[in-house]
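Chemist: First, the structure itself, so that you have it in front of you.
The numbers here are math on the coordinates, done by the rules we state, and not lab data. Model, not experiment: these values are computed from the prediction. Positions of Cβ are generated from backbone atoms using ideal geometry, with glycine treated the same way; all protein chains shown enter the neighbour counts.
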Amino acid sequence: MTRKERPLTVHHLNQLLFVCSLVLLVAVAAVRISSRSGLPTLLAYLGIGVAMGQDGIGDVQFDNAELTQVIGYAALVVILAEGGLSTKWKEIRPALPAATSLALVGVAVSVAVTATAAHFLIGFDWRQALIIGAVVSSTDAAAVFSVLRKLPLPARVTGVLEAESGFNDAPVVILVVAFSTAGPVEHWYVLLGEIALELAIGAAIGLAVGWIGSFGLRHVALPASGLYPIAVMAIAVVAYAAGALAHGSGFLAVYLASMMLGNARLPHWPATRGFAEGLGWIAQIGMFVLLGLLVTPHEMGDDIWPALVIGLVLTVVARPLSVVLSLLPFRIPWQEQTLMSWAGLRGAVPIILATIPMVSGIEESRRIFNIVFVLVVVYTLIQGPTLPWLARKLRLGESEGPADLGIESAPLERLRGHLLSVNIPPGSRMHGVEVAELRLPAGAAVTLVVREEKSFVPLPTTVLRRGDELLVVTTDPVRDAAERRLRAVGQGGKLADWLGPAPTGDGTGHRHGTR
């Protein structure tokens, strides 16, 4: 017999909205505290969930692992989409081979070493040990993005770590599901073949959806600017769903599709980026709070010591070994390899993956979940705040070069033109350049300058300054050429293109997507 569920009334809805709004406000306030301490925000959100749970002040009874897994998957799709949209192609392109090696070879090495430690040191059987090894081998995209983007690290290091965190979810999910199924894994080469096939399908679908979506949004003028962010996120989710329904890796598909969309010259990009970032925050908050609710702290006493042992092996042995072996062909300096070893941050992804054996009914699955939870919390507390210190000791901080321009494009469909909103940041070399020295192509003109909250129509001799916002009107045929010229001046000053192509940050002289 199952008890009859009470229908959701308006009164219950009001209570739910009140509690959820308070949780969101507390979570937003926690971001400020965590940003000052250097801790990833996931710890604050997990703490909120634990405080609301049955051992906390909220006394909320929640033990639905299947619902947590479903909501966690949905949140991870949004987080990967936001991460892909904010990933710069010019930074990640040179890092793709190394990141791919880390996401494949590195995961295999990490699973093998961690599973061996769980079997011989803790006493798990091989199936349970392999599940633990696979679960904790995935670095968390949200944790990596939130920590690394605050550090002035070399572009190669940031690119490798961000791409790895976006790529390695796919093979790890496949491994955890395979190890958690009822039957044994008969042949390792069959499993490798399945992983390769799912990744190939996911990559193909992600790239196809990303290209079609970016092409459509660039050539179809929507009637309202607020529709562009909705369309971009919908395309990203379509990539995930199509990849998963085709028995491919939906997580890889959504990341690649989002990365293509993020590096295309889409209209109203700043608004789209802000919308995606807001959804990403909501996804993180909801996911972490729910995971905190699922935890029962009074049951974790016996699992603390195993979690510390497995985490120590993972952090000190498995992760460094996986980095060294994966990056052997790439001749990356030892300083960068050391930082990459320490920057393998875990977060919500391993905790979500730990619900898979619980749903599958694997023996000791609750203990596995507790161990993973403790491991993530303890070692995030250690690794997150120490990353800036380690980067300074390894002398990997780099000074910032000329800042790129912030350009937003709004299509003027009926006028067959575009309105470019150009923000001149503090580090731009457009500072001190006269309007006439921009040498914009025929069909493009600076029509308005906003300076210190005052606007005026510029003369050809008007000198541009840092902090100015320019409104540039272009006809449709010269829109790309005008943006290229503006970016060239922003990077190389008034003499850009006189002495060769202006630098773009990667030494190629080629233009990259609008950011």
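Chemist: So, counting K/R as plus one and D/E as minus one, what does the shell of residues with Cβ under 15 Å around THR315 add up to?
Modeler: Values: positive: ARG319, ARG346; negative: ASP140.
The answer is +1.
Chemist: Right, another one. Starting with the highest mean, order 287-293, 251-257 by the number of other Cβ atoms within 10 Å, averaged over the residues of each peptide.
Modeler: My ranking of the peptides, most packed first, is 251-257, 287-293.
Chemist: Further, regarding this structure: Roughly how far apart, in whole Å, are the Cα centres of region 202-266 and region 57-133?
Modeler: 23
Chemist: Taking the square root of 5 times each eigenvalue of the Cα gyration tensor, what semi-axes in Å does the equivalent ellipsoid of the chain have, largest first?
Modeler: Working: eigenvalues 376, 139, 96 Å².
Ellipsoid half-lengths, sorted descending, are 43, 26, 22 Å.
Chemist: Between ALA74 and LEU8, how many nm apart are label points set 7 Å from Cα along the C-beta direction?
Modeler: Inter-label distance under the simple model: 1.0 nm.
Chemist: Calculated FRET efficiency, VAL457 and CYS20, Cβ-Cβ r, R0 56 Å, to nearest 0.05?
Modeler: Approximately 0.70, to the nearest 0.05.
Chemist: So for the chain, taking the charge dipole from beta-carbon charges (+1 Lys/Arg, -1 Asp/Glu), which of ALA221, GLY467, ALA200 sits furthest toward the positive end?
Modeler: Result: GLY467, furthest along the dipole toward the positive end.
Chemist: What whole-number distance in Å separates the alpha-carbon centres of region 415-472 and region 340-358?
Modeler: Taking the Cα centre of region 340-358 as reference, the centre of region 415-472 is 47 Å away.
Chemist: Additional query: For the chain, build the charge dipole from Cβ charges (+1 Lys, Arg; -1 Asp, Glu) around the Cα centre, then report which of LEU22, VAL457, SER180 sits farthest towards its positive end.
Modeler: Of the options given, the answer is VAL457.
Chemist: May I ask for the angle, rounded to the nearest 10°, between helix 188-219 and the longest principal axis of the chain, with both axes built from Cα atoms and the value confined to 0 to 90°?
Modeler: With rounding to tens, the tilt is 30 degrees.
Chemist: Report the net charge of residues surrounding VAL378, where surrounding means a beta-carbon distance below 13 angstrom and charges are Lys +1, Arg +1, Asp -1, Glu -1.
Modeler: 0
Chemist: Treating only the Cβ of Lys, Arg, Asp and Glu as charged (+1, +1, -1, -1), what charge dipole size does region 406-492 show about its Cα centre? Round to the nearest 20 debye.
Modeler: Numbers: 12 positive and 11 negative charges, 36 e Å.
Computed charge dipole of region 406-492: roughly 180 debye.
Chemist: Per 0.36 nm of contour for each residue apart, how much would the distance between ALA221 and VAL316 grow if the chain were fully extended, relative to their Cα-Cα spacing?
Modeler: Gain on extension, ALA221 to VAL316, equals 28.9 nm.
Chemist: Full-extension gain between ARG93 and TRP126, please, as 0.36 nm times their residue separation minus the C-alpha to C-alpha distance.
Modeler: Working: separation 33, 0.36 × 33 = 11.88 nm, distance 3.80 nm.
Gain on stretching ARG93 to TRP126: 8.1 nm.
Chemist: Counting only the backbone N, which residues of region 461-478 are under 19 Å from the spot 7 Å out from the Cα of ALA442 toward its beta-carbon?
Modeler: 473-478
Chemist: For GLU277, GLU82, what's the fewest-to-most ordering of other Cβ within 10 Å of each Cβ?
Modeler: Least to most surrounded, the residues fall as GLU277, GLU82.
Chemist: To the nearest 0.05, what FRET efficiency results for ALA246 and ASN64 with a Förster distance of 25 Å applied to their C-beta separation?
Modeler: So the FRET efficiency works out to roughly 0.30.
Chemist: Taking the Cβ of each residue in LYS494, LYS454 as the centre, tally the other Cβ atoms inside 10 Å and list the residues starting with the fewest. Please list the in-between numbers first.
Modeler: On the way: LYS494 15, LYS454 7.
Listing LYS494, LYS454 from fewest to most nearby Cβ atoms yields LYS454, LYS494.
Chemist: Using helices alone, what [θ] at 222 nm do you get for the chain, with -39,500 (n - 2.57) per DSSP H run of 4 or more residues, divided over all residues and rounded to the nearest 500? Before the final figure, lay out each step's value.
Modeler: Working: 21 runs with 296 residues, N = 515.
Theoretical 222 nm ellipticity from helices: -18500 deg cm²/dmol.
Chemist: OK, next. Let me see the P(r) profile for region 406-492: every Cα-Cα distance counted, bins of 5 Å, each bin given as a percent of all pairs.
Modeler: 3, 16, 28, 28, 17, 7, 2, 0
Chemist: Continuing with the same structure: Multiplying the sequence separation of ASP55 and VAL378 by 0.36 nm and subtracting their Cα-Cα distance, what value in nm do you get?
Modeler: On the way: separation 323, 0.36 × 323 = 116.28 nm, distance 1.93 nm.
The span from ASP55 to VAL378 would gain 114.4 nm if fully extended.
Chemist: Relative to the longest principal axis of the chain, what angle (0 to 90°, nearest 10) does the C-alpha long axis of helix 107-117 take?
Modeler: Taking Cα atoms only, the helix is inclined about 30 degrees.
Chemist: Moving on. Tell me, SER428, SER214, SER86, SER225 in order of fewest to most beta-carbon neighbours within 10 Å?
Modeler: SER225, SER86, SER214, SER428
Chemist: How many Lys pairs in the chain lie less than 30 angstrom apart by Cα atoms, where the lysines are 8 or more positions apart or on different chains?
Modeler: 8
Chemist: Follow-up. Only four residue types carry charge here, +1 at the Cβ of Lys and Arg and -1 at the Cβ of Asp and Glu. Report the dipole size of the chain about the Cα centre in Debye, rounded to the nearest 20. Please report the intermediate quantities before stating the final value.
Modeler: Working: 38 positive and 38 negative charges, 308 e Å.
So the magnitude is around 1480 debye.
Chemist: Mind pulling the angle between the C-alpha long axis of helix 155-167 and the longest principal axis of the chain? Nearest 10 degrees, somewhere in 0 to 90.
Modeler: On a 0 to 90 degree scale, this one is about 50.
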